[in-house]
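Structure, as structure tokens:
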Amino acid sequence: MESQTKQLKEIFNRGSHISQLDALRWVKSMRLAARVYDLKQEGFPIESYRRKENDKYITYYYKSGELDDN
């Protein structure tokens, strides 16, 4: 089984954006922010944005330089 950090790198390298719920489904991680912190400490370029959905704010993470204007 691959580490959660390695799985997240693969997801980010594909250009995907990921939320906490996505991380739980895809990587089985309940600590996405901690894994993102680990990747940033390794020098992996990750940024985030927040989107309001159903009166709640959801944070999405993505690899820097890959945000498209949706």
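Taking all protein chains in place and a 1.4 Å probe, what share, in percent, of the accessible surface of the stretch 12-65 do carbon and sulfur account for? Its accessible area is 46 percent carbon and sulfur atoms. Among the listed pairs LYS28/LYS52; LYS28/LYS63; LYS6/LYS63, give every one whose C-alpha distance is greater than 18 Å. Exceeds cut-off: LYS28/LYS52; LYS28/LYS63. A simple spin-label model places the labels of LYS52 and TRP26 2.6 nm from each other, with each point 7 Å out along Cα-to-Cβ. Where in the chain is the longest stretch that carries no trypsin sites (Lys or Arg not before Pro) classed as loop by DSSP and with at most 15 other Cβ atoms within 10 Å? Longest gap between qualifying sites, sites excluded: 32-70.
Overall, the chain carries a charge dipole of about 260 debye about its Cα centre when +1 sits on the Cβ of Lys and Arg and -1 on the Cβ of Asp and Glu, all other atoms neutral.
Computed from Cα atoms alone, the Kirkwood hydrodynamic radius reported for the chain is 12.4 Å.
The values are calculated or read from the model by the stated rules, or taken from the named source; none is laboratory data. No experiment lies behind these values; they were computed from the predicted model shown. Here Cβ is always computed from backbone atoms with ideal geometry, including for glycine, and neighbour counts include all displayed protein chains. Surface accessibility is based on the protein's heavy atoms, side chains included, excluding ligands, DNA and RNA. Shrake-Rupley method; radii C 1.70, N 1.55, O 1.52, S 1.80 Å.
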